[in-house]
Amino acid sequence: MKGIGPKSLRLLEKLNIHNVNDLVMYYPFRYDVIKRSDMEMLTQDDPIIMDGVVENVPSLFHFNRKMNKMTFRMRSEEQLFQVIIYNRGFLKNKLVPGVAISVFGKYDLKRHTIVASDLRFGFLPDEVRVEPVYHVVNGITSKQLGSFIEEALHMPFDVVDYIPAPIASHYHFLEKEQSIRAMHKPQNIAMLKQARLRTKYEELFLFMLKMNYLKNKKGKERGIKRNVSYEEVEAFLERLPFHLTDDQKKCVDDIYHDLNDIHKMNRLLQGDVGSGKTIVAFISMYMNYLSGYQSALMAPTEILAIQHYESLARLVEGTNIHVGLLTGKLKAKEKKALYVGLKDGTIDMVIGTHALISEDAIYHNLGLVITDEQHRFGVSQRGNLKNKGLFPDILYMSATPIPRTYALTIYGDMDISSIKTMPSGRKPVITTVKSLKEITWVLNEMLRELKLGHQVYVIAPMIEESENSHLENVKTLTEKMQKAFGKYFQVGTLHGKMKSTEKDEVMNAFKENQIQILISTTVIEVGVDVANATMMVIFESDRFGLSSLHQLRGRVGRNDLQSYCILIARKDTERLHVLEETCDGFKISEEDFKLRGSGDLFGYRQSGDMSFQVADIKRDYSILLKAKEDSEAFLESPLYDSDEYKYVKNMIELAVQLD
């Protein structure tokens, strides 16, 4: 193609564009509507698009070495505007008086000034124009990518329509090729809306077709037929040092019935941090042990794996159950002994990190696979562990509660058990929203807890300063906390750029109360339980989703001590007050879903089946429900197995295999 040399090829490959088909299927992420602004409707700081002629020679000022600022006057319809534009000094010689230009930017009504973000030569067209804007990487602009796509649209490319003809006809959808062209070069807004609707539906139809296919497939998959006595399970429950909540009992019953069924279990166990999912997982492992099979629980971090191992070892103390711990840090001799135990079956239950799926880990008879915080693992990692057994049952655990309505759709290929009630004795975390001006009050509250011998988490959203950022970062916060408390209390730091060994050392020091104030990024979200930590202070909390804040808050309140969460916000947004009112993760995720869309809740499903180009699960939920209904009907119809739609069937089955 014209204009695409080795450099452009490399840049396009970063966007996962390798050929003409990829180019034409790379859709814009938004569109700019280009039309002249109505001056009478504009208020202070509104976006503005205006054209006119340059009135004077621009003034150019240089600062910060590479930065420059250019100012000039522009006349438009008998009005005179002052235009300010940054880092366009190279255009000065072309901006001679009398030249026609179009300016895009922000309008300062008081000063009658336009702070321009873009400047083009020539007047605006009389008709409204819709311009596509593409996601790009450094080295290529949206305009360049658009010109490549425009050229590709004049070349032969494959048009594969995945919407069955009867469905497309029912909804009066555009033809696929017509839709592709309209996505990139819409003739008008009405045509663009039709093209986007068709594209969204196709993405969601394929997603739901895959989900429903998986559900049907997994529902027929042969599993291990057990015959576990419920009396033995009850006897184990009676030996526990606490009583299960009703929700926990219901989840145990669900899993008990799954394990005794001939079909393979494929269940998601979801509940808030601290709701007691782990004990349900341990009971599942015990039920699996009663039927003579091995269990493996995979945790996302070494520190969490050790925590689970210690808890399980205490629980089965005095029984014949042998529990192993497998992490990357074990010495060669310890690893070898553990591998032998897994292979000969002397180890009944093993807890570990991704080391559980290494080539050397060969299991005697793996019957149950559990992944904790399952969204932290890629699909291939989860699949590798599952493949270590012949027909192992699968239990996924997630501390990110999802509204049931959405979960039934998104996790349509799984059965779902939810724990909504918290164990007795836990006090709700008292949450308060404060502004930066009230920092003295916050510091006094921290001091009160520290004087009681308790510990405090302080969360910063960034690691280092970045240009144009006012966010409090780990480094700055550490310096401030050292200044405020360093004389009397130990301050520690934790962030994602640290090596895993360094992270573990810091977390262990915090757990042992050698560190009293831990400054951290959100890596703390999944970590060890530190019962003595009673306060969580989150800076720039208005930049987090409610679900993320709720997850962070779950790090405190892990005991019978009263715990606190202080949300420091630059903007006192209404949505943060939801966290003051409730500790129910399901209600919070419902609210988050309404406010922020699906990204915050579902973005972690790393199988690629959530990576829609155009569709959005929250915004397009009504389309998703239609696609779900249509995909179910299509799977059950003779059309699915017909030669006419063999390509759809092959694509779905291949996608499932690749997953």
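The values are calculated or read from the model by the stated rules, or taken from the named source; none is laboratory data. Only a predicted model underlies this, so the values are computations on that prediction, with no experimental measurement involved. Here the Cβ positions follow ideal geometry from the backbone for every residue, glycine too, while neighbour counts run over all protein chains shown.
Which helices (runs of 4 or more DSSP H) does region 481-590 wholly contain that include 2 or more residues that are without any contact (Cβ under 8 Å) to a residue 12 or more places away in the chain and acidic (Asp, Glu)?
500-511
Could you please find all residues in region 357-390 being in contact with a strand residue (DSSP E or B) (Cβ under 8 Å, 6 or more places away or on another chain) and modelled with pLDDT of 80 or more?
357, 361, 363, 364, 365, 366, 367, 368, 369, 370, 371, 372 - these are the residues of region 357-390 that are in contact with a strand residue (DSSP E or B) (Cβ under 8 Å, 6 or more places away or on another chain) and modelled with pLDDT of 80 or more.
Just to be sure, is residue 435 over 26 Å from residue 354 (Cα atoms) and modelled with pLDDT of 90 or more?
Working: over 26 Å from residue 354 (Cα atoms): yes; modelled with pLDDT of 90 or more: yes.
When the stated conditions are applied, residue 435 passes them.
Restricting attention to region 38-93, report how many residues are charged (D, E, K, R), more than 23 Å from residue 110 (Cβ to Cβ) and surrounded by 13 or more Cβ atoms within 10 Å (Cβ to Cβ).
Looking only at that region, the number is 2.
What pairs come up if the first residue lies in region 119-139 and is on the phi > 0 side of the Ramachandran plot, the second is surrounded by 15 or more Cβ atoms within 10 Å (Cβ to Cβ), and their beta carbons are under 6 Å apart, counting only those six or more places apart or on different chains?
139/11
Within region 330-357, how many residues turn out to be in a loop (DSSP other than H, G, I, E, B) and either loosely packed, with under 15 Cβ neighbours inside 10 Å or more than 34 Å from the chain's Cα centre (by Cα) (or both)?
Step one: list which residues in region 330-357 are in a loop (DSSP other than H, G, I, E, B), which gives 330-331, 345-348, 353.
Add one more test, that the residue is either loosely packed, with under 15 Cβ neighbours inside 10 Å or more than 34 Å from the chain's Cα centre (by Cα) (or both), and what stays is 331, 345-348.
Of the residues in region 330-357, 5 are in a loop (DSSP other than H, G, I, E, B) and either loosely packed, with under 15 Cβ neighbours inside 10 Å or more than 34 Å from the chain's Cα centre (by Cα) (or both).
Only one of these conditions is not met by residue 197: (1) surrounded by fewer than 17 Cβ atoms within 10 Å (Cβ to Cβ); (2) under 27 Å from the mean Cα position of the chain (by Cα); (3) among the aliphatic types (A, V, I, L, M). Which number is it?
Here residue 197 clears every test but (1).
Consider only pairs whose beta carbons are under 6 Å apart and that are at least six residues apart or on different chains; among these, list those whose first residue lies in region 303-318 and is over 16 Å from residue 347 (Cβ atoms) and whose second residue is assigned to a helix (DSSP H, G or I) and of a type in the set (Ser, Thr, Tyr).
none
Can you go through 499, 480, 511, 503 and tell me which one is out of contact with any His (no Cβ under 9 Å at 6 or more places or on another chain), more than 16 Å from residue 456 (Cβ to Cβ) and either surrounded by fewer than 22 Cβ atoms within 10 Å (Cβ to Cβ) or of a type in the set (Val, Ile, Thr) (or both)?
The match here is 499.
Within region 13-28, which residues are surrounded by 12 or more Cβ atoms within 10 Å (Cβ to Cβ), of a type outside the set (Val, Ile, Thr) and within 12 Å of residue 135 (Cβ to Cβ)?
Across region 13-28, the qualifying residues are 14, 15, 26, 27, 28.
Could you list, in sequence order, all residues of region 228-276 that are touching an Asp or Glu at 6+ places or on another chain (Cβ under 8 Å) and part of a helix (DSSP H, G or I)?
254, 258, 259
Results for (1) in contact with a strand residue (DSSP E or B) (Cβ under 6 Å, 6 or more places away or on another chain); (2) modelled with pLDDT of 75 or more; (3) surrounded by 12 or more Cβ atoms within 10 Å (Cβ to Cβ); (4) not assigned by TED's automatic domain parsing to the domain that holds residue 520, shown as yes or no for each residue.
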position: 440; (1), (2), (3), (4): no, yes, no, no
position: 444; (1), (2), (3), (4): no, yes, no, no
position: 457; (1), (2), (3), (4): yes, yes, yes, no
position: 462; (1), (2), (3), (4): yes, no, yes, no
position: 468; (1), (2), (3), (4): no, no, no, no
position: 471; (1), (2), (3), (4): yes, no, yes, no
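Out of region 2-12, which residues are surrounded by 12 or more Cβ atoms within 10 Å (Cβ to Cβ) and part of a loop (DSSP other than H, G, I, E, B)?
4
What strands (runs of 3 or more DSSP E) lie completely within region 35-81 and have 2 or more residues being closer than 15 Å to residue 119 by Cβ and among the charged types (D, E, K, R)?
Hits in region 35-81: 67-76.
Does region 425-436 include one or more residues that are part of a helix (DSSP H, G or I), surrounded by fewer than 20 Cβ atoms within 10 Å (Cβ to Cβ) and over 26 Å from the mean Cα position of the chain (by Cα)?
Yes, that holds for at least one residue.
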